[in-house]
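As structure tokens, the structure follows; a few thoughts come after it.
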Amino acid sequence: MKRYGRILKLGIAAVVALGAAAAAQAQASFEHAEYLKAAEPGGKKKGEAAKGAVYFDATAKTIEFREKKAGTDFSIPYGSVKSMLYERASKPRYAEGILIAWPLLLTKSKKHYLTIQYADGSGAGKYAILHLDKSNYQDLLATAEAQTGKKVDRSEER
């Protein structure tokens, strides 16, 4: 009788573990991202960058950017995504090479961007530009393609 109790406990533990794994798959999050907000039309003020995380919610079928302090900045349904473009930009490290060490003159800094073009509720075209972290940008791009079903176009500067 004790043997069946152990088997039952193991079975319950397996079901709970599978449920936790399914819940983790339902929402993928990518920290250390920045949402580059557009400047106000007609204003002299430049756009600003908001630090936060990108979430892909498989149950709600949305892409969300949640700012660390303010909350959700945007939520884009998968069906309204028109296209996605990944860009890698690089530039020489002149200032660091002069101020810190001359070998840095031979290196370049790399930045990773994802532009999402989508239609809002009224059908007007909009876009969101995300500055991605170098540690998780590849996983984010793979998740974006898998979740939305759209291919991410890639444009890499050399």
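The values are calculated or read from the model by the stated rules, or taken from the named source; none is laboratory data. This one's a predicted model, so the numbers in the text were calculated from it and none came from an experiment. Glycine gets a Cβ as well: all are built from the backbone with ideal geometry, and neighbour counts include every protein chain shown.
Only a single item in (1) part of a strand (DSSP E or B); (2) surrounded by fewer than 13 Cβ atoms within 10 Å (Cβ to Cβ); (3) modelled with pLDDT of 80 or more is not met by Ala128, and it is number (2).
Quick check: anything in the range 131-144 over 19 Å from Glu31 (Cα atoms), free of Cβ contacts under 8 Å to residues at least 24 places away in the same chain and not acidic (Asp, Glu)? No: zero hits. Can you report the number of residues in the range 75-91 which are part of a strand (DSSP E or B) and surrounded by fewer than 18 Cβ atoms within 10 Å (Cβ to Cβ)? Total satisfying the criteria: 10.
For the range 48-71, filtering for residues that are surrounded by 12 or more Cβ atoms within 10 Å (Cβ to Cβ) and outside any strand (DSSP E or B) leaves 3.
With respect to the conditions (1) closer than 14 Å to Ala33 by Cα; (2) surrounded by fewer than 17 Cβ atoms within 10 Å (Cβ to Cβ), Leu105 falls short on a single one, namely (1).
The residues on offer are Tyr137, Tyr127, Tyr113, and the sole one that is within 15 Å of the chain's Cα centre (by Cα), more than 20 Å from Lys82 (Cβ to Cβ) and of a type in the set (Phe, Trp, Tyr) is Tyr137.
Pairing residues of the range 101-115 that are in a loop (DSSP other than H, G, I, E, B) with residues that are at pLDDT below 80, at Cβ distances under 7 Å and at least 6 apart in sequence or on separate chains, gives Thr107/Arg93.
The residue that is modelled with the lowest pLDDT, among those in the range 131-158 that are charged (D, E, K, R) and assigned to a strand (DSSP E or B), is Glu156.
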